[in-house]
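The structure under discussion appears below in the form of structure tokens.
Every number here is computed from the coordinates shown, using simple stated rules; none is lab data. Quick caveat: nothing in here was measured; it's all calculated off a predicted structure. Note that we place each Cβ from the backbone using ideal geometry, even for glycine, and neighbour counts take in every protein chain shown.
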Amino acid sequence: MTTGAQTPSSPARPPRSRLRTFLPLGIAAWLVLEIWLLTVVAGAFSGFVVFLLLVAGIVLGSVVIKSAGRRAFRNLTETLQQQQAGVMPEARPNSEGNGLMMLGGLLLILPGLISDALGLLMLLPPVQKAVSRYAERTVERKLREAGPGTLGDAFRQAARMHQPDGKVVQGEVIRDDPDDAPQGPRPPLTH
């Protein structure tokens, strides 16, 4: 039964990105390939060899993650000590490699031979530098492409607040109202 009133139409959803479309398919294909490769190796050698490979990957990955975490924590404490002493912290030559070493360790821990091979590749310094440069360029490009009101805009605003260029006035809002109850709907924040 209709009343003559039109039903409100829902706003059109933005199209799905290629990443959201193909990522589940890629993960499924990767899992099938990992299982197939493990069965091939188990058929060629034995199940015990596959078990030893998986355990070795877990142990090696744990050691890599632990050492990278310790190095990252040591770099952090040294930087904080230098800042507290009033000294400008020096740039660390391999500090960006900690996260990539942890990623390599995580890939080693994941069961599978392909993830182990990728994890071992992530431990090589030339691969770490290439991945780091690629990630940095990608993030910079995405931030340049980001429109107003997006996450990129928030990062740009945060950067301006840390390095004021005259567009953002830093301050603190102090409310002097005796009753702190809101008085009604507030207008939207604009520039």
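Using the Cβ-Cβ distance between Q84 and R141 with R0 = 41 Å, the FRET efficiency computed as 1/(1 + (r/R0)^6) comes to roughly 0.70.
Each 5 Å bin from zero holds the following percent of Cα-Cα pairs in segment 15-64: 4, 18, 15, 17, 16, 13, 8, 6, 2, 1. Summing Cβ point charges (Lys, Arg +1; Asp, Glu -1) relative to the Cα centre of segment 16-150 gives a dipole of roughly 340 debye.
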